[in-house]
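Student: To start, I am sharing the structure in question, which I have written as structure tokens.
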Amino acid sequence: MTDNVQIWKPSEFAGDDLLPIDIASSGPIDTRGRDNVEAEDLILPAIQLLQGQSDAVTQENGPEGAKPGKFYHTGAQEVFDGPLRVLLCAHTRSRALFPKEDTPAGVEKCLSRDGVEGSKYGACDACPHREWRDGNKPPLCSESHNFTALTPYGPAIIRFARTSFKTARLFLTSWTMTPKPLWAHPALIVAKSDSKEVRGKMTTFFKMELRWLQRETVPPAVQEAAAAVNAQVSEAHEQGKFGGSDDFDDAVNL
């Protein structure tokens with residue numbers, strides 16, 4: 001850890017800024033008392049893009065301001081209008097199958113925290129439920145790109161699945177073509193509305209767009225903190241024990 005205390009003054013931002021600015025001025029991270037924290041203890045809160053059927057929206061005593069198209073931090077229990085500026089520090093993959101009304105009889109819920117081994121159907125590579133059906137029906141199982149963001153509230157997981165999956169792939173392509181770590185620059189997350197036909201009716205939903213803000217450089221002290229979180233997340237993911245508090249909530253990303 002660097003001994004030079006720095007003050008991070010990011011550029012002005014018209015949105016909800018979730019950059020961990022205070023880390024840059026707090027000096028070295030105190031790791032005392034964390035020796036017994038194991039990989040399976042990493043169940044992070046989530047930052048969700050709310051949909052019409054999300055729990056935070058539908059429950060009677062949900063968080064104040066929870067509406068479709070807004071962002072919700074499950075740990076802080078705060079709602080943000082967006083767009084969000086965040087610092088991403090880790091990338092993982094996962095898979096989830098949630099039975100729906102049109103799911104073939106006998107198909108059960110299956111979760112894979114590492115995108116390799118499912119809780120019900122075993123090896124993901126050999127599972128037929130990840131394949132397109134009848135030529136134009138999407139797979140029963142959906143893959144997710146998951147990013148861990150280091151925020152003022154601590155690390156939180158953000159899942160990009162289904163309609164938000166493509167923007168994550170484009171982001172990853174842009175990032176992997178550079179020699180820089182994921183946390184070298186902040187990222188911008190924007191919610192966009194769209195519509196599709198569901199059981200004969202047009203339904204409005206929201207998807208996320210993700211962009212790397214390469215003109216904004218993260219100071220060394222914050223990059224070191226992000227690298228430390230990356231190491232913890234990577235270890236947990238390799239053991240298949242890394243998860244989020246949303247537990248693959250099917251109502252988060254349509």
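The values are calculated or read from the model by the stated rules, or taken from the named source; none is laboratory data. Predicted model, so just to flag it, every value in this text is computed and none were measured. Cβ sites come from the backbone with ideal geometry, for glycine too, and all protein chains shown count toward neighbours.
Student: State yes or no: is Ser164 part of a strand (DSSP E or B), in contact with a Lys or Arg (Cβ under 6 Å, 6 or more places away or on another chain) and either at pLDDT 90 or above or under 29 Å from Val229 (Cβ atoms) (or both)? Reasoning before the result, please.
Tutor: Working: part of a strand (DSSP E or B): no; in contact with a Lys or Arg (Cβ under 6 Å, 6 or more places away or on another chain): yes; either at pLDDT 90 or above or under 29 Å from Val229 (Cβ atoms) (or both): yes.
It is false that Ser164 is part of a strand (DSSP E or B), in contact with a Lys or Arg (Cβ under 6 Å, 6 or more places away or on another chain) and either at pLDDT 90 or above or under 29 Å from Val229 (Cβ atoms) (or both).
Student: May I ask you to list the residues in region 167-202 that are within 27 Å of Glu78 (Cα to Cα) and basic (Lys, Arg)? It would help to see each step written out before you state the result.
Tutor: At the first step, the residues of region 167-202 found to be within 27 Å of Glu78 (Cα to Cα) are 167-168, 171, 182-195.
Residue satisfying the conditions is Lys192 alone.
Student: Sticking with this structure for a sec: Kindly provide the set of residues from region 179-214 that are touching a residue at least 24 places away in the same chain (Cβ under 8 Å) and assigned to a loop (DSSP other than H, G, I, E, B), ordered by number.
Tutor: Pro181, His185, Pro186, Arg199, Leu213, Gln214 - these are the residues of region 179-214 that are touching a residue at least 24 places away in the same chain (Cβ under 8 Å) and assigned to a loop (DSSP other than H, G, I, E, B).
Student: Also, quick follow-up: Say we look at region 75-112 and pick out the residues that are within 22 Å of Ala168 (Cβ to Cβ) and of a type in the set (S, T, N, Q); which of these is surrounded by the fewest Cβ atoms within 10 Å (Cβ to Cβ)?
Tutor: Thr92
Student: Spot the failing condition for Ala24; the list is (1) modelled with pLDDT under 90; (2) in a loop (DSSP other than H, G, I, E, B), and only one is missed.
Tutor: (2)
Student: Moving to a separate point now. Anything in region 150-170 that is aromatic (Phe, Trp, Tyr), within 15 Å of Thr92 (Cα to Cα) and surrounded by fewer than 23 Cβ atoms within 10 Å (Cβ to Cβ)? List them, or say none.
Tutor: As a first pass, look at region 150-170 and keep what is aromatic (Phe, Trp, Tyr): 153, 160, 165.
Filter again for within 15 Å of Thr92 (Cα to Cα), leaving 160, 165.
Answer for region 150-170, where residues must be aromatic (Phe, Trp, Tyr), within 15 Å of Thr92 (Cα to Cα) and surrounded by fewer than 23 Cβ atoms within 10 Å (Cβ to Cβ): just Phe165.
Student: Do the conditions hold for Pro139, that is, is it surrounded by fewer than 20 Cβ atoms within 10 Å (Cβ to Cβ) and modelled with pLDDT of 90 or more?
Tutor: Values: surrounded by fewer than 20 Cβ atoms within 10 Å (Cβ to Cβ): yes; modelled with pLDDT of 90 or more: no.
No: the conditions fail for Pro139.
Student: Which residue, of Ala168, Ala156, Ala149, Ala90, is small (Gly, Ala, Ser) and free of Cβ contacts under 8 Å to residues at least 60 places away in the same chain?
Tutor: Going through Ala168, Ala156, Ala149, Ala90 in turn, just one is small (Gly, Ala, Ser) and free of Cβ contacts under 8 Å to residues at least 60 places away in the same chain: Ala168.
Student: Filter region 168-203 for residues that are modelled with pLDDT of 95 or more, under 26 Å from Arg113 (Cβ atoms) and among the β-branched types (Val, Ile, Thr) and give the result.
Tutor: Scanning region 168-203 gives a single hit, Ile189.
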